[in-house]
Each structure stands twice: as structure tokens, then as C-alpha cells.
Amino acid sequence: MWEKGKPRERGWYLCAWQMGDGFIYEVAKWTGTDWLTGMEATPDTWKDIDPPTAQDIMLDELYKYAQ
């Protein structure tokens with residue numbers, strides 16, 4: 001889910017900046033106080049990024065229930 005404001009935890013997030021009727025996306029780091037991004041502005045919205053291992057676990061669980 002896309003969020004606004006500041007994340008509670010430090011880490012990497014998928015960020016979006018609205019540009020006209022579309023968005024620009026970038027992976028950015030939240031340091032706990034600031035965003036480290038290639039863009040100069042604070043992102044309009046952001047969301048957690050699942051690491052590949054978490055996605056693999058989720059797919060394994062879904063596969064178990066599908067059988």
C-alpha cells in the first residue's frame with residue numbers, strides 16, 4: 001500500500017513523485033530523518049519493498065495451499 005508522510009523505520013522504499021498526470025518512481029533510502037534520492041524533492045508517496053527472499057517465501061506458501 002502506498003503511504004504518505006515519513007516511514008517509521010529506516011530502510012529502502014519505492015518512492016513516487018507526481019509529474020503532471022503520471023509519476024516518476026525511484027528506490028530511495030529513508031535515514032530516519034531524510035530521504036536519500038536522486039530527486040531534489042521529498043517523495044509524494046512511498047511504499048515498502050519486499051525483498052526477494054520474502055517474495056519466495058510467500059510464493060512457496062501460496063503453492064502449498066494451491067495443491
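The values are calculated or read from the model by the stated rules, or taken from the named source; none is laboratory data. These numbers were taken from a predicted model, which means no experiment stands behind them. Cβ sites come from the backbone with ideal geometry, for glycine too, and all protein chains shown count toward neighbours. Please note that ligands, DNA and RNA were not included when accessible areas were found on the heavy atoms of the full protein model with its side chains. Shrake-Rupley method; radii C 1.70, N 1.55, O 1.52, S 1.80 Å.
Worth a mention:
- The residue of the stretch 13-32 that is farthest from the chain's Cα centre (by Cα), among those that are open to solvent by 90 Å² or more (accessible area, probe 1.4 Å) and over 18 Å from M1 (Cα atoms), is D21.
- Residue match in the stretch 48-56 (condition: touching a strand residue (DSSP E or B) at 6+ places or on another chain (Cβ under 7 Å), open to solvent by less than 60 Å² (accessible area, probe 1.4 Å) and modelled with pLDDT of 90 or more): no
- Each residue in the stretch 6-29 was checked for being of a type outside the set (F, W, Y) and touching a Ser or Thr at 6+ places or on another chain (Cβ under 9 Å), and 9 pass.
- Those residues of the stretch 33-47 which are surrounded by 13 or more Cβ atoms within 10 Å (Cβ to Cβ) and more than 12 Å from P7 (Cα to Cα), in sequence order: T37, T42, D44
- Restricting T42, T33 to residues that are part of a loop (DSSP other than H, G, I, E, B), without any contact (Cβ under 8 Å) to a residue 12 or more places away in the chain and either among the acidic types (D, E) or touching a strand residue (DSSP E or B) at 6+ places or on another chain (Cβ under 8 Å) (or both) narrows the list to T42.
- Selection within the stretch 1-12 - of a type in the set (G, A, S) and open to solvent by less than 50 Å² (accessible area, probe 1.4 Å): G11
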